[in-house]
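Please read the structure below before turning to the comments.
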Amino acid sequence: MKENTKLLPLFIGNAVLDIILTYTQDRLSLPLYYVAILVFGSRLFDYLSIIGRYIVINMRNKKKRKINIFVE
């Protein structure tokens, strides 16, 4: 249920960001694909960092569970 509550604000946030970027590229006379490359590139690195954190946290939790099994 939490995922559904995050969907609408993320959608609205992305729409507002897209409007701002389109307006900015129009004012600066930049081709739209430059803006798209910049935005998608930054999002790609954001998502890769989230995946990396998830992997590290899972590895730490597995290691802690192994240690707790031997302690008990």
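Descriptive notes on the structure:
- Pairs where the first residue, in the stretch 30-50, is part of a helix (DSSP H, G or I) and the second is surrounded by 11 or more Cβ atoms within 10 Å (Cβ to Cβ), C-beta under 7 Å, 6+ apart: Leu32/Gln25; Val35/Leu21; Val35/Gln25; Val39/Leu21
- Residue-level check: of (1) modelled with pLDDT under 85; (2) among the aliphatic types (A, V, I, L, M); (3) open to solvent by less than 100 Å² (accessible area, probe 1.4 Å), Ile50 misses just (1).
The values are calculated or read from the model by the stated rules, or taken from the named source; none is laboratory data. If you're wondering where the values come from, they're calculated on a predicted model, not measured in any experiment. Heads up, the Cβs are rebuilt from the backbone with ideal geometry, glycines too, and the neighbour counts pull from every protein chain shown. When the accessible area is computed, the model is the full protein with side chains, heavy atoms only, and any ligands, DNA or RNA have been set aside. Shrake-Rupley method; radii C 1.70, N 1.55, O 1.52, S 1.80 Å.
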